[in-house]
Amino acid sequence: MSSARQVTSRIKSAKNISKITKAMEMVSASKMRRAQAQALRSRPYTQAVTDTLSTLARESNIALHPLFTQHQEGQELLVCLSTDRGLSGSFNPNLFRELTNWKRNHPQGKIVAIGKKAVTFSQFAGVNLYAQFTDMPDPISLADTLPVTRLVLEGYLQREFCNATILFMDFINTLSQKAVLQQLLPLDTQAVETTLSPAIKTEYLFEPSASEILDKLIPFYVENAIFQAFLESKASEHSARMVAMKNASENAQALQEELQLLYNKSRQASITSELLDITTATLTLNT
Amino acid sequence: MATLHLRIVSQEEELVNCQAEQVSAPSEHGEITILPGHTALVAKLQVGELNYTTKQKQESIVVSAGFLTVSRENEVIVIVDSAVSDRDISLQKAEAAVKAARESIVSSEKQEELVRAEAVLRKALLEIKVAQRTKKTKL
């Protein structure tokens with residue numbers, strides 16, 4: 001009988017697990033939708049800033065701006081966007097594979113880790129971090145990403161870094177996310193110039209001068225690129241967690257069914273043996 | 001009558017998207033008013049009040065320092081910053097992040113020991129669990 005009791009307790013725990021994972025799945029699903037909506041809402045801004053930047057690029061030579069010029073001093077910098085919490089399936093392992101690859105190719109490179117998981121991974125792998133940001137709020141706001149931008153921009157301008165790359169999980173769809181390395185600095189002159197539509201060639205007035213506006217606008221452009229990466233990463237995190245939790249609930253369900261079958265079988269067996277006992281007992285009494 | 005297509009965008013959302021007859025914005029060199037047919041312009045904005053009339057109604061919105069572009073197609077785009085107040089403390093936060101990383105390097109050796117100890121413990125616990133299970137099934 002102890003085995004039947006054991007099985008019931010295992011059924012119970014499987015049920016409890018499936019309840020928890022189901023709840024987590026639903027929470028992640030709603031968070032994912034919110035993150036996607038947030039990414040969508042910020043798109044008009046990206047468009048506006050890029051358009052204005054290409055307009056300015058026609059007027060003044062952007063290649064001369066310090067954030068567009070390549071310099072060789074300092075080390076390479078990688079900003080890695082991971083999560084603060086676990087149970088997000090293949091999100092972090094895929095990210096860290098890419099991180100290890102990068103570190104292997106750039107042994108002198110410096111790493112800025114975002115999220116507790118990246119911090120613990122770097123400690124585990126014996127990689128020293130340049131800076132670490134943990135406990136990023138969710139939903140994330142632009143203000144939370146500003147320190148990261150500040151760090152990258154100032155480090156680059158003070159020639160501490162010779163370039164800056166950001167590593168994050170790009171949201172492709174709910175089922176797939178991809179680790180992406182995107183260069184932040186120096187800015188790509190061509191990317192700005194190719195967005196120019198050559199058909200519209202209007203003369204613009206600038207107030208004050210084009211170069212002065214450019215100086216003020218470029219930091220916003222970088223900031224936006226980083227913010228976008230954060231939003232992508234958040235959407236990926238939640239969708240990865242949602243899928244992982246969905247799988248976990250399904251597995252718990254399967255386990256529960258399997259155990260239920262086992263329990264029924266053992267119950268049936270004990271009933272049969274009891275019946276056998278009773279019949280043999282009555283038979284012996286009657287004879 | 002031609003109207004202006006006014007769009008005010010911040011990093012986090014689109015604040016205004018409407019047809020306006022007139023837009024007045026606080027530029028660096030004083031207030032400018034834009035009417036349909038205005039020449040193409042890129043201007044830097046100051047903190048202040050941006051007024052616009054849409055369907056004969058006067059509306060106003062407070063804008064932080066930002067940019068204004070007017071295209072030949074009567075399109076007015078205002079780029080505003082939604083996180084002005086947070087810019088001042090961003091440097092402190094960045095410095096704190098660098099410091100936190102230095103501290104974690106110091107503690108990482110301890111961490112390494114901890115991780116190793118944890119692995120040993122986990123293995124031992126697992127062994128106990130397996131032993132218990134085999135014992136139970138044997139009984």
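The values are calculated or read from the model by the stated rules, or taken from the named source; none is laboratory data. Here the structure is a predicted model, which means the values were calculated and not measured. In this analysis, Cβ positions are derived from the backbone assuming ideal geometry, glycine residues included, and neighbour counts consider all displayed protein chains.
Kindly indicate whether B:Ala119 is at pLDDT 85 or above and assigned to a helix (DSSP H, G or I).
Yes.
Is it true that B:Arg102 is touching a helix residue (DSSP H, G or I) at 6+ places or on another chain (Cβ under 9 Å), basic (Lys, Arg) and surrounded by 11 or more Cβ atoms within 10 Å (Cβ to Cβ)? Even if it seems obvious, please write down each step before you answer.
On the way: touching a helix residue (DSSP H, G or I) at 6+ places or on another chain (Cβ under 9 Å): no; basic (Lys, Arg): yes; surrounded by 11 or more Cβ atoms within 10 Å (Cβ to Cβ): yes.
For B:Arg102, the condition - touching a helix residue (DSSP H, G or I) at 6+ places or on another chain (Cβ under 9 Å), basic (Lys, Arg) and surrounded by 11 or more Cβ atoms within 10 Å (Cβ to Cβ) - is not met.
Listed here are the residues, each with its yes/no results for (1) buried (at least 24 other Cβ atoms within 10 Å of the Cβ); (2) away from every other protein chain (no Cβ under 14 Å); (3) in a strand (DSSP E or B); (4) not aliphatic (A, V, I, L, M).
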residue	(1), (2), (3), (4)
A:Phe206	no, no, yes, yes
A:Glu212	no, no, no, yes
A:Ile218	no, no, no, no
A:Ala225	no, no, no, no
A:Gln228	no, no, no, yes
A:Ser233	yes, yes, no, yes
A:His238	yes, yes, no, yes
A:Val243	no, yes, no, no
A:Ala248	no, yes, no, no
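Across the stretch A:150-189, what is the number of residues that are buried (at least 22 other Cβ atoms within 10 Å of the Cβ) and at positive phi? Result for the stretch A:150-189: 0.
Looking at the stretch A:17-59, which of its residues are in contact (Cβ under 8 Å) with a residue 24 or more places away in the chain, over 30 Å from B:Lys44 (Cα atoms) and more than 18 Å from the chain's Cα centre (by Cα)?
So the first thing to find is which residues in the stretch A:17-59 are in contact (Cβ under 8 Å) with a residue 24 or more places away in the chain, and the list is A:17-18, A:21-22, A:24-25, A:28-29, A:31-32, A:34-36, A:38-39, A:42, A:45-46, A:49-59.
Among the residues that remain, those that are also over 30 Å from B:Lys44 (Cα atoms) are: A:17-18, A:21-22, A:24-25, A:28-29, A:31-32, A:34-36.
The answer is A:Ile17, A:Ser18, A:Thr21, A:Lys22.
Against the definition (assigned by TED's automatic domain parsing to the domain that holds A:Thr149 and either of a type in the set (Val, Ile, Thr) or over 22 Å from B:Ile105 (Cβ atoms) (or both)), how does A:Ser122 come out, yes or no? Reasoning before the result, please.
Values: assigned by TED's automatic domain parsing to the domain that holds A:Thr149: yes; either of a type in the set (Val, Ile, Thr) or over 22 Å from B:Ile105 (Cβ atoms) (or both): no.
In short, no.
Restricting attention to the stretch A:131-149, the residues being surrounded by fewer than 23 Cβ atoms within 10 Å (Cβ to Cβ) and under 20 Å from A:Asn92 (Cα atoms) number 7.
So which of B:Ser82, B:Ser107, B:Ser60 is more than 22 Å from A:Asp144 (Cβ to Cβ) and within 14 Å of chain A (Cβ to nearest Cβ)? Before you say what the answer is, go through the steps one by one.
Working: B:Ser82 fails: more than 22 Å from A:Asp144 (Cβ to Cβ); B:Ser60 fails: within 14 Å of chain A (Cβ to nearest Cβ).
Result of the check over B:Ser82, B:Ser107, B:Ser60: B:Ser107.
As a summary of the residue check, A:Ser233 satisfies the conditions (1) among the small types (Gly, Ala, Ser); (2) within 20 Å of A:Ala164 (Cα to Cα); (3) at pLDDT below 85 except for the one numbered (3). Pairs are defined by a Cβ separation below 7 Å, a sequence spacing of at least 6 or placement on different chains, a first member in the stretch B:81-102 that is more than 15 Å from A:Phe133 (Cα to Cα), and a second member that is surrounded by 14 or more Cβ atoms within 10 Å (Cβ to Cβ) and charged (D, E, K, R); the pairs so defined are B:Ser82/B:Glu12. For the stretch B:14-60, the candidate set comprises residues that are within 26 Å of the chain's Cα centre (by Cα) and loosely packed, with under 14 Cβ neighbours inside 10 Å; within that set, the residue that is farthest from A:Leu217 (Cα to Cα) is B:Ser60.
Within the stretch B:1-56, the residues that satisfy the criterion of being more than 22 Å from A:Thr55 (Cα to Cα), away from chain A (no Cβ under 14 Å) and not in a strand (DSSP E or B) are B:Met1, B:Ala2, B:Thr3, B:Glu21, B:Lys55, B:Gln56.
Quick one: in the stretch B:63-79, which of the residues that are surrounded by fewer than 17 Cβ atoms within 10 Å (Cβ to Cβ) and part of a loop (DSSP other than H, G, I, E, B) is farthest from the other protein chains (Cβ to nearest Cβ)?
Keep residues of the stretch B:63-79 that are surrounded by fewer than 17 Cβ atoms within 10 Å (Cβ to Cβ), which gives B:64-65, B:72-73, B:75.
Those left that are additionally part of a loop (DSSP other than H, G, I, E, B): B:64-65, B:72-73.
Details: B:Ser64: 12, B:Ala65: 8, B:Arg72: 5, B:Glu73: 9 Å.
Restricting to residues being surrounded by fewer than 17 Cβ atoms within 10 Å (Cβ to Cβ) and part of a loop (DSSP other than H, G, I, E, B), the top hit is B:Ser64.
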